[in-house]
Amino acid sequence: MSYQLLSSPLQGFTDATFRNAQQKYFGGIDTFYAPYIRFNRKMIIKGSYQRDLNPEVNTTLNVIPQVMTADADHFIFVIKYIQSLGYKELNWNLGCPYPMVTKSGMGSGLICNTEKIDHILDRAHSETDVTISMKMRLGYESASEIVESFKILDKYPIKNIAIHARLGKQLYKGGVDLEAFQKCVDVAKHTLYYNGDITSVAQFKAMRERFPSIAHFMIGRGLIADPFLPSMIKADTTEYPAERWEIFREFHDTIYQQYDAMLSGPTPIKMKMLGFWEFFAQSTHNPQKVYKAIKKATNAFKYTRAVSEIIAIQKAQK
């Protein structure tokens, strides 16, 4: 059975800059999901979302926009916006676990509100011709929430449901609940995608064996920590290319320069790259030491030097 690898949307990470560089230097991802569009008070698509979904910066990528909302009017507004750009599918985020989102009844905090889910899907399908897919958790408090939601979701021609096999209240702590995901496989009528803790080739193989009927696997944090992972899964190898760290350096420098040009001042670019190095460091020989070295780099010169030293050490230890 063939399979596809998908990039899970991670706010602040999987934007067009990262997506294009990941595809150019590593490859292996079949479809990228863009980070969610979210409104504050005004029904306006922020400039950052517009830039991210601009077809001109996504020419070689298969990209699916995502929305996070619990408001039907907002949902319809985003549908019309993404269709004006030529997109035919919108993914609805019912997976975000962060308290500031869930407490306002969005993300995984919306899974238990089947009445609202029904209302939004009804309007979307009766008022537009967009294809809708879902990104969900097992629930916020209990895995019974997603099973209950299937009774509503089954009414609509949803393309697929990607399930991160954790509860919202877990955030990213604790293990994935494979038994609960299996129950979803047993009862769902829609196509399911698996998401959660695919951080190595071995873990991917274990998930394929555990769920033989699943043909789509979503990689989230594992993709940021190791951008080589999708291509290594596709090649069925645990061996990195001989020039692993040279490729990583080119990738790093590409995104660093592009983010530096986009962001104003030294603090935003430092915080941006510090966020990435929280993940990048996990693929080094000494993650804590690497992250600490990046954190101590107080200006662009020191940062560049720290990156060079880190990569030199990794090359020497391979």
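The values are calculated or read from the model by the stated rules, or taken from the named source; none is laboratory data. This is a predicted model, so every value here is computed, not measured. Counting neighbours? That spans all protein chains shown, and the Cβs are built from the backbone with ideal geometry, glycine included. Only protein heavy atoms, including side chains, enter the accessible area calculation; ligands, DNA and RNA are left aside. Shrake-Rupley method; radii C 1.70, N 1.55, O 1.52, S 1.80 Å.
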Checklist entry - In straight Cα distance, which aspartates and glutamates are under 14 Å from Lys189, not counting same-chain residues fewer than 8 positions off? => result Glu148, Asp154
Checklist outcome for this item: So the carbon and sulfur contribution to the accessible area of the range 129-228, 1.4 Å probe, in percent, is 52
Checklist entry - In nm, to one decimal, how far is the Met1 label point from the Thr238 one, both placed 7 Å along Cα→Cβ? => result 2.4
Item to check | Förster radius 30 Å - calculated FRET efficiency between Ser200 and Gln50 (Cβ-Cβ, nearest 0.05) | outcome: 0.25
Item to check | Karplus-derived HN-Hα couplings along the range 306-312 (A = 6.51, B = -1.76, C = 1.60, θ = phi - 60°), whole Hz, x at Gly and Pro | outcome: 4, 5, 4, 5, 4, 5, 4
Checklist entry - Does the range 273-318 come out rounded, prolate or oblate by the C-alpha gyration tensor, with a ≥ b ≥ c the root eigenvalues, rounded set by a/c under 1.5 and, if not, prolate when a/b is larger than b/c and oblate if not? => result oblate
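Measure up Lys46/Lys270; Lys88/Lys173; Lys234/Lys315; Lys88/Lys205; Lys205/Lys302; Lys135/Lys205 against 30 Å on the Cα-Cα distance and list the ones that go over. Numbers along the way, then the final one.
On the way: Lys46/Lys270 23 Å; Lys88/Lys173 34 Å; Lys234/Lys315 24 Å; Lys88/Lys205 32 Å; Lys205/Lys302 40 Å; Lys135/Lys205 22 Å.
Checking Cα-Cα distances, Lys88/Lys173; Lys88/Lys205; Lys205/Lys302 exceed 30 Å.
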Next on the checklist: Going by Cα centres, the range 1-75 and the range 240-318 are how many Å apart?
Outcome noted: 23
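Accessible area per residue for the chain in Å², computed with a 1.4 Å probe and the full protein assembly in place, what is it?
Details: 14800 Å² over 318 residues.
On a per-residue basis, the chain sits at 47 Å².
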Checklist entry - Round to a whole number: what % of the accessible area of the range 237-318 belongs to carbon and sulfur, probe 1.4 Å? => result 55
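What does the C-alpha gyration tensor say about the overall shape of the range 1-71? Classify as rounded when a/c is under 1.5, otherwise prolate if a/b is larger than b/c, or oblate. Please list the in-between numbers first.
Details: a/c = 2.56, a/b = 1.68, b/c = 1.53.
Prolate shape, in that a/c is at least 1.5 and a/b is the bigger ratio.
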Item to check | Placed amide H near Ser133: partners under 5 Å, 5+ positions off or other chain | outcome: Leu90, Asn91, Trp92, Lys159
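For the range 3-118, what is Rg from Cα atoms divided by 2.2 N^0.38 Å, rounded to two decimals? If you can, show how the numbers build up before the last one.
Working: Rg = 14.4 Å, N = 116, 2.2 N^0.38 = 13.4 Å.
Relative to the 2.2 N^0.38 Å estimate, the range 3-118 comes out at 1.08.
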Item to check | Check: the range 140-189 dipole with +1 on Lys, Arg Cβ and -1 on Asp, Glu Cβ, in debye | outcome: 180
Item to check | Residue-level accessible surface for Tyr291, protein heavy atoms, 1.4 Å, Å² | outcome: 60
Checklist entry - Hey, what's the Kirkwood Rh for the chain if you take every pair of different alpha carbons, in angstrom? => result 20.5
